[in-house]
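> Below is one structure. I have some questions about it.
The values are calculated or read from the model by the stated rules, or taken from the named source; none is laboratory data. The structure presented is a predicted model; accordingly, all values stated were derived computationally and were not measured. Quick reminder, even Gly has a Cβ in these numbers, built from the backbone with ideal geometry, and neighbours come from all protein chains shown.
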Amino acid sequence: MRPTTGFLEAVRLVAFANLPVTVGNCRSLWWPPAAKLGHAKSGKGRPAGDLWQAFSRTVLAYLPPDDLAHLGTDNHRVTQWTDLGRNGKRISPGEFVVVHRHAQEWLDTICADGDLTTIVRTLQRRFQATQRLEAQGECTRVSLKFRLSWVPPKSLETELHGIFASTASSGLWPRFYRCDSVDCREFAVARQALRPENYCSTACRVRASRSRLGPMKKAAREAEKRHFRARVTELRGTGESQAFERACKEFGYPPSVPPGEARPRRRP
Ligand SMILES: [Zn+2]
């Protein structure tokens, strides 16, 4: 299924929220200024910023270049974030960290099925459209041409509000989730309705199923050891001189294992 523009915005939002932003590294989101997705280096061969790379990696994992081409989206629009703060000047590291944390908190509340009253009220109060309606031609219905053009947002906070608003109006909030792998917990967006368990990647799904099955397998091995020891004791009680060897044979273990280190091997 082809992605929609709303889905692209949802991907941008989760990719942004997952960034490991600190006061020290926040400038690396804006380098290189007009790089294309998928090209880690640009300009004079300088490497792109860490945050920018992490961001574009996530976007490309969701939306390969073909999908982006289908969306017909201006590359700059996908890869770049406004670097303005509330005062209209370049955003300070401190403000950037705060704005980023707010985006994480909002997304976390949405993912956790929390109360959205504050988020909705703030959006209603502060949302500013990032699209403008352009009309060209004579004002008759045949010659008039309408077009929605993108208006650069006034600040990073405004841009994020716009993304929350557009994902909400695309009905995508119920698709946001945090990866169920306890080692991951990254923000993610699903292409379909959420399942009882949701993982951001195949690796996370495999890791989660292993960590679930691990303790079960360990318990089974311990139980088998107990049964083995009980059987040896039982055979000794009947006066069997080769109790250990016989028990090994019954359980399918090699007879060479010395009694002190009797460790039941997992049978195929
Ligand atoms: Zn994950």
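> Which of the residues that make up segment 195-204 are in a loop (DSSP other than H, G, I, E, B), farther than 23 Å from residue 4 by Cα and within 12 Å of the ligand (Cβ to nearest atom)?
Correct list: 197 only.
> Hey, residue 240 hits all of (1) under 30 Å from residue 13 (Cα atoms); (2) in a loop (DSSP other than H, G, I, E, B); (3) without any contact (Cβ under 8 Å) to a residue 60 or more places away in the chain but one; which does it fall short on?
The one condition residue 240 does not meet is (1).
> Before we move on, is residue 185 in the same structural domain as residue 99 (by TED's automatic domain parsing) and free of Cβ contacts under 8 Å to residues at least 60 places away in the same chain?
When the stated conditions are applied, residue 185 passes them.
> Read through the list (1) surrounded by 17 or more Cβ atoms within 10 Å (Cβ to Cβ); (2) in contact with a Gly (Cβ under 6 Å, 6 or more places away or on another chain), then give the number of the only condition that residue 170 fails.
Answer for residue 170: the failing condition is (1).
> Out of segment 55-68, which residues are in a helix (DSSP H, G or I) and closer than 11 Å to residue 2 by Cα?
The answer is 66, 67, 68.
> In segment 105-140, what count of residues is obtained for those that are in contact with a Ser or Thr (Cβ under 8 Å, 6 or more places away or on another chain), hydroxyl-bearing (Ser, Thr, Tyr) and surrounded by fewer than 13 Cβ atoms within 10 Å (Cβ to Cβ)?
0
> Anything in segment 170-184 that is at pLDDT 95 or above and near the ligand (Cβ under 8 Å from one of its atoms)? List them, or say none.
Within segment 170-184, 179 is the sole residue that qualifies.
> Could you tell me which residue of segment 193-207 is farthest from residue 178 (Cα to Cα), considering only residues that are surrounded by fewer than 16 Cβ atoms within 10 Å (Cβ to Cβ) and among the polar types (S, T, N, Q)?
The qualifying residue farthest from residue 178 (Cα to Cα) is 202.
> Also, quick follow-up: May I ask you to list the residues in segment 151-191 that are under 17 Å from residue 77 (Cα atoms), in contact with a strand residue (DSSP E or B) (Cβ under 7 Å, 6 or more places away or on another chain) and hydrophobic (A, V, I, L, M, F, W, C)?
151, 156
> So which residues in segment 31-65 are at pLDDT below 85 and of a type in the set (Asp, Glu)?
none
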